[in-house]
Amino acid sequence: MIELAQLDTQEYLVEEILSHERTSTGRMKEVDRYEFEVKWVGYKETSMLGYKDLAHLTLFKDYVKGIPSLTRIFKDV
(Lines give C-alpha, C1' and ligand atoms only; values in the text may rest on other atoms or scores of the structure.)
Protein backbone atom coordinates (compact mmCIF):
# COMPACT_ATOMS: atom_id res chain seq x y z
CA MET A 1 0.00 0.00 0.00
CA ILE A 2 1.29 3.46 -0.87
CA GLU A 3 0.29 6.35 1.37
CA LEU A 4 0.70 10.07 1.46
CA ALA A 5 2.93 11.84 3.97
CA GLN A 6 3.07 15.61 4.22
CA LEU A 7 6.43 17.18 4.96
CA ASP A 8 6.64 20.95 5.02
CA THR A 9 4.57 22.17 2.09
CA GLN A 10 5.16 19.24 -0.23
CA GLU A 11 3.49 15.87 -0.23
CA TYR A 12 5.32 12.60 -0.84
CA LEU A 13 4.11 9.04 -1.25
CA VAL A 14 5.45 6.52 1.25
CA GLU A 15 6.23 3.21 -0.39
CA GLU A 16 7.56 1.34 2.64
CA ILE A 17 8.94 1.68 6.15
CA LEU A 18 12.26 -0.15 6.02
CA SER A 19 13.70 0.00 9.53
CA HIS A 20 13.78 1.90 12.80
CA GLU A 21 16.28 3.02 15.40
CA ARG A 22 16.16 4.48 18.86
CA THR A 23 17.76 7.88 18.62
CA SER A 24 17.42 9.36 22.08
CA THR A 25 17.30 8.46 25.75
CA GLY A 26 16.44 11.93 27.02
CA ARG A 27 13.41 13.19 28.90
CA MET A 28 11.01 12.84 26.04
CA LYS A 29 8.10 10.53 25.53
CA GLU A 30 9.12 7.00 24.56
CA VAL A 31 7.38 7.30 21.17
CA ASP A 32 9.48 10.35 20.33
CA ARG A 33 12.76 8.47 20.89
CA TYR A 34 12.49 6.51 17.64
CA GLU A 35 13.06 7.32 13.98
CA PHE A 36 11.92 5.25 11.05
CA GLU A 37 13.59 4.81 7.67
CA VAL A 38 11.10 5.58 4.91
CA LYS A 39 11.30 4.62 1.22
CA TRP A 40 9.53 7.13 -1.02
CA VAL A 41 7.76 6.35 -4.27
CA GLY A 42 9.96 7.40 -7.18
CA TYR A 43 13.11 8.04 -5.13
CA LYS A 44 16.16 5.88 -4.44
CA GLU A 45 17.09 7.82 -1.30
CA THR A 46 15.42 7.13 2.01
CA SER A 47 14.65 9.46 4.90
CA MET A 48 14.52 9.10 8.66
CA LEU A 49 11.27 10.39 10.14
CA GLY A 50 9.82 10.57 13.61
CA TYR A 51 6.63 9.08 14.94
CA LYS A 52 4.63 12.30 14.54
CA ASP A 53 5.27 12.32 10.79
CA LEU A 54 4.12 8.73 10.34
CA ALA A 55 1.53 7.99 13.03
CA HIS A 56 -1.44 8.56 10.71
CA LEU A 57 -0.26 6.03 8.11
CA THR A 58 -1.60 2.49 7.93
CA LEU A 59 1.89 1.46 6.80
CA PHE A 60 3.28 2.69 10.11
CA LYS A 61 0.63 0.89 12.14
CA ASP A 62 1.30 -2.34 10.26
CA TYR A 63 5.07 -1.96 10.69
CA VAL A 64 4.74 -1.45 14.45
CA LYS A 65 2.36 -4.40 14.83
CA GLY A 66 4.94 -6.65 13.20
CA ILE A 67 7.61 -5.91 15.83
CA PRO A 68 6.69 -6.94 19.40
CA SER A 69 9.07 -4.50 21.10
CA LEU A 70 7.49 -1.60 19.18
CA THR A 71 3.94 -2.85 19.69
CA ARG A 72 4.35 -2.22 23.42
CA ILE A 73 5.65 1.33 22.90
CA PHE A 74 3.18 2.35 20.17
CA LYS A 75 0.16 0.46 21.55
CA ASP A 76 -2.12 3.49 21.23
CA VAL A 77 -1.41 3.97 17.54
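Remarks
- Reported label for calculated semi-axes √(5λ) of the Cα gyration tensor in Å given (1) 21, 14, 11; (2) 28, 12, 11; (3) 38, 10, 9: (1)
- Protein accessible area in the chain, 1.4 Å probe - carbon and sulfur %: 48
- Choice from Lys61, Lys39, Lys29 with maximal GNM fluctuation in the chain (Cα, 10 Å cutoff): Lys29
- Accessible area per residue, Å², the chain with all protein chains present, probe 1.4 Å: 68
The values are calculated or read from the model by the stated rules, or taken from the named source; none is laboratory data. Keep in mind that this is a model prediction, so the values were computed, not measured. All accessible areas refer to the heavy atoms of the entire protein, side chains included, with ligands and DNA or RNA removed. Shrake-Rupley method; radii C 1.70, N 1.55, O 1.52, S 1.80 Å.
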